[in-house]
Each structure stands twice: as structure tokens, then as C-alpha cells.
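The values are calculated or read from the model by the stated rules, or taken from the named source; none is laboratory data. Note that the structure is predicted; figures quoted are calculated from it, not measured. A quick note on method: Cβ atoms are made from the backbone with ideal geometry, for glycine too, and the neighbour counts reach across all protein chains shown.
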Amino acid sequence: MKTKVTIVEVGLRDGLQNEKFQLTTEQKVQFAHKLIDAGIERIELGAFVRPDWIPQMAGSKDVIDQVLQATTPKTNKKIQAAALVPNERGMQDALETKIKEIAIFAAASESFSKKNINCTIEESFERFVPVMKLAKKNKIKVRGYLSTCFGCPYEGNVPEKKVVELAKRLYKMGCYEISIGDTIGVASPAQVESLFKKLKKVIPVKKLAGHFHDTRGTALANIYAAYKLGVRVFDTSLGGLGGCPYAPGSAGNVATEDVVYMFDQMKIKTGIDLKKLIKTNTWVSTLMGKELPSRVSKAERN
Ligand code: HMG
Ligand code: MG
């Protein structure tokens with residue numbers, strides 16, 4: 001078995017988008033540097049979405065400019081930074097920055113698509129066409145997210161067939177990696193095994209990622225189930241920050257510290273320094289004036 005996994009840190013995007021406490025641009029940039037210093041190489045820095053819908057992401061351009069300016073020429077750190085882009089307008093904004101990767105995001109259930117991006121699933125794929133064209137022209141990598149793959153906050157059950165069909169569509173249209181989202185944190189390891197077995201038949205497993213929210217405490221078990229099937233890329237959020245504003249009641253992503261701890265104990269490399277993550281957790285939670293959900297940070301700090 002290959003003994004390395006890749007963590008995609010989404011705390012600055014998925015994490016902060018649902019937090020009431022608003023970090024300043026400077027604090028977001030500091031946050032990003034602390035994560036990069038801890039060894040994070042893949043990081044989401046923001047989203048080019050409507051600021052009246054997601055106020056937390058309003059300063060994404062400045063955050064991206066400042067983080068990329070500081071990391072690339074000076075420290076020569078190799079980081080793969082990304083930002084969410086829902087449509088052509090968002091892509092135009094992204095092109096004004098030095099970002100080299102964007103993520104488009106679709107849903108596997110109609111109601112969530114409507115609430116989250118104000119259009120049907122079909123319309124969202126139409127909106128992705130000009131985004132993909134601009135990405136190709138400007139040599140920007142595109143990641144594809146598929147939300148509500150294990151359940152929808154409005155519709156409940158989501159058929160596996162639909163998830164597989166839409167994930168395949170994102171892959172075929174040129175996304176280099178498809179992140180399979182448990183947006184509301186309802187999945188179980190059995191469900192993860194069943195769905196990923198089907199996904200692997202149509203998309204190479206190296207091109208799949210797991211995006212688990214930890215609402216019901218099953219995210220680590222789900223990651224392990226996906227790992228056993230060959231998935232090696234997982235999205236996590238420092239401290240377990242966040243959630244999605246259009247998925248009521250859902251908790252943040254699984255905490256980066258908890259995932260790094262689990263893989264460290266299994267002698268599976270992440271390239272990330274757990275102690276530095278825990279220090280970053282202390283810094284963010286002090287700033288926000290609240291404890292973050294990560295269990296490992298709580299345990300190791302005491
Ligand atoms: P819309 O209103 O349908 O867009 O929004 P529109 O094309 O009809 O345009 C209406 C107005 O919005 C126009 O302005 C546009 O210029 C403007 P006006 O002419 O009226 O002055 N506009 C924009 N402004 C800034 N940035 C843009 C943009 N597009 C249009 N990109 C849109 C559609 C998708 C933009 C909107 O619904 C939106 O911003 N939604 C927020 C989506 C979001 O960020 N959700 C959270 C992230 S997704 C997530 O968390 C799930 C994930 O983590 C995976 C998982 O957990 O499953 C990824
Ligand atoms: Mg998410």
C-alpha cells in the first residue's frame with residue numbers, strides 16, 4: 001500500500017465561510033502562512049462568489065495576492081493554492097490574481113444546487129462551460145467538487161447512480177480531480193465503501209478525493225474507509241472550522257489535526273507537522289474567542 005496521503009486544507013474557505021467571526025485580510029494571510037509553515041502544500045485561499053451571499057469570502061482577491069506574493073518568489077515554497085469559482089463572472093475575478101487552480105462546484109441534489117448556487121444542476125454545468133474554456137486558455141487547473149453525495153439537507157437520500165453520473169461528467173469536462181462531498185456529515189463507512197467502489201469504475205481512484213464534514217462524528221471512519229479503497233487525497237479544515245451556510249445544522253470539515261494524527265499513528269506520511277497545527281489552532285481559537293472542535297488539539301494541548 002502506498003504510504004502517503006495528501007491533505008487539502010480548506011479552513012480558509014470552507015472553514016471561514018460559515019463563521020460569524022470575521023478575520024481581517026491580514027489575519028487570513030497570517031493564518032495561511034502558519035498552515036504553509038506547518039507543511040500544508042495544497043490550500044484553498046478563498047472563493048469568487050457573491051459577497052452578499054458569502055460575506056466572509058469578500059476579500060479573497062487580497063488574501064490570494066498577499067499569500068502568493070509572499071510565498072512564491074521569497075521563500076520559494078511550493079504551494080498549490082486554489083479558489084472556488086461558480087461561474088464566468090467568478091472566473092474573471094480569479095484571473096485578476098495569480099491563482100493557478102480553481103474549483104468549480106456542483107451538487108448531486110437539485111434543492112441544494114438551487115439554495116447554494118441559485119440554479120439547477122443542469123444550469124450549473126452550462127455555467128461551467130465558459131469557466132473551463134477560460135481555464136484552458138489561461139493554463140489554470142480545475143478541480144471539481146460534488147456536494148451532497150451521501151445525503152441532502154432538503155431531499156434526504158441521494159441516489160448513488162446520480163452521484164456517479166455527475167462525478168463522471170465533471171471528470172470528462174476536464175476536472176483533474178473530483179472531490180466527493182459529504183456536505184452535511186451523514187455518511188457511514190459502509191456507504192463510503194459502496195459509493196467509492198462505483199466511482200472507481202468510472203474515474204481513476206487517483207483522481208478522487210474525499211471531503212467529509214464531521215457533523216455526526218463519522219468523518220475519520222469515512223476517511224479510513226475511502227483510504228482502504230485507494231483514495232489518497234482528503235480535504236480537511238484546521239480545528240474543524242466551518243460548514244456550509246446553505247446546509248443548515250451541518251458542522252465543519254473533519255479537523256486537519258485529527259486526520260494528521262490518525263495517519264501519523266498509522267505511519268502514513270502527510271508531510272505535515274502536527275505540533276505546528278496545534279499551535280495554529282491555539283492562535284485561531286484565541287483570535288475567535290472560542291474553542292474549535294478538533295479533539296486532537298484539545299487532547300495534545302493539555
Ligand atoms: P446568481 O444571482 O444566480 O448570479 O448567483 P447571476 O448570474 O444571476 O448574477 C446576479 C448578480 O450577481 C449580478 O450582479 C452578477 O454580476 C453578480 P448585478 O448585475 O445584479 O449587479 N454575480 C457575482 N458577483 C460576484 N461573484 C460572482 C458573481 N456571479 C454573479 N461569482 C452565485 C450565482 C453562484 C454567484 C451565487 O449563488 C453565490 O455566490 N452563491 C454562493 C455559493 C457558495 O459560495 N457556497 C458555499 C461554498 S460551496 C460548499 O461549501 C460545498 C463544498 O465545500 C463541498 C461540500 O461540502 O460538499 C465545496
Ligand atoms: Mg464543504
Tally, over segment 152-168, of residues that are surrounded by fewer than 22 Cβ atoms within 10 Å (Cβ to Cβ) and small (Gly, Ala, Ser): 1
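Just one of Ala251, Ala226, Ala247 is within 18 Å of Ser297 (Cα to Cα) and within 15 Å of ligand 1 (Cβ to nearest atom); which is it? Spell out how you get there, then give the answer.
Details: Ala226 fails: within 18 Å of Ser297 (Cα to Cα); Ala247 fails: within 18 Å of Ser297 (Cα to Cα).
None of the others qualify; the one that does is Ala251.
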Quick test of your reading of the structure: Tyr171 fulfils all but one of (1) of a type in the set (Phe, Trp, Tyr); (2) surrounded by fewer than 21 Cβ atoms within 10 Å (Cβ to Cβ); (3) touching a Phe, Trp or Tyr at 6+ places or on another chain (Cβ under 8 Å). Name the failing condition by number. (3)
Quick one: count up the residues across segment 39-90 that are at pLDDT below 95, part of a loop (DSSP other than H, G, I, E, B) and either in contact with a Pro (Cβ under 7 Å, 6 or more places away or on another chain) or among the basic types (Lys, Arg) (or both). 2
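Taking the condition of being touching a helix residue (DSSP H, G or I) at 6+ places or on another chain (Cβ under 6 Å) and either under 19 Å from Gly210 (Cβ atoms) or at pLDDT below 95 (or both), how many residues in segment 155-166 meet it?
2
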Which of the residues spanning segment 178-200 are of a type in the set (Asp, Glu) and surrounded by 22 or more Cβ atoms within 10 Å (Cβ to Cβ)? Asp182
Looking only at segment 128-150, count every residue that is surrounded by 21 or more Cβ atoms within 10 Å (Cβ to Cβ) and either within 13 Å of ligand 1 (Cβ to nearest atom) or modelled with pLDDT under 95 (or both) and tell me the total. 10
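Taking segment 271-302, which residues are assigned to a loop (DSSP other than H, G, I, E, B), of a type in the set (D, E, K, R) and farther than 15 Å from Ala38 by Cβ? Steps first, answer last, please.
Taking segment 271-302 first, the residues assigned to a loop (DSSP other than H, G, I, E, B) are 271-273, 289-294, 302.
Subsequent filtering for residues that are of a type in the set (D, E, K, R) retains 273, 290-291.
Listed by number, the residues that qualify are Lys290, Glu291.
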Condition first: surrounded by 24 or more Cβ atoms within 10 Å (Cβ to Cβ), in a helix (DSSP H, G or I) and touching a Leu at 6+ places or on another chain (Cβ under 8 Å). Now tell me which residues in segment 91-127 satisfy that. Met91
Any chance Phe263 is within 15 Å of ligand 1 (Cβ to nearest atom) and more than 19 Å from Met57 (Cβ to Cβ): no
Taking the criterion of being of a type in the set (A, V, I, L, M, F, W, C), over 17 Å from the mean Cα position of the chain (by Cα) and within 16 Å of ligand 2 (Cβ to nearest atom), would at least one residue in segment 79-98 satisfy it? no
Considering only segment 208-215, I want to know if a residue exists there that is over 22 Å from Leu16 (Cβ atoms) and either surrounded by fewer than 22 Cβ atoms within 10 Å (Cβ to Cβ) or away from ligand 1 (no atom under 12 Å from the Cβ) (or both). yes
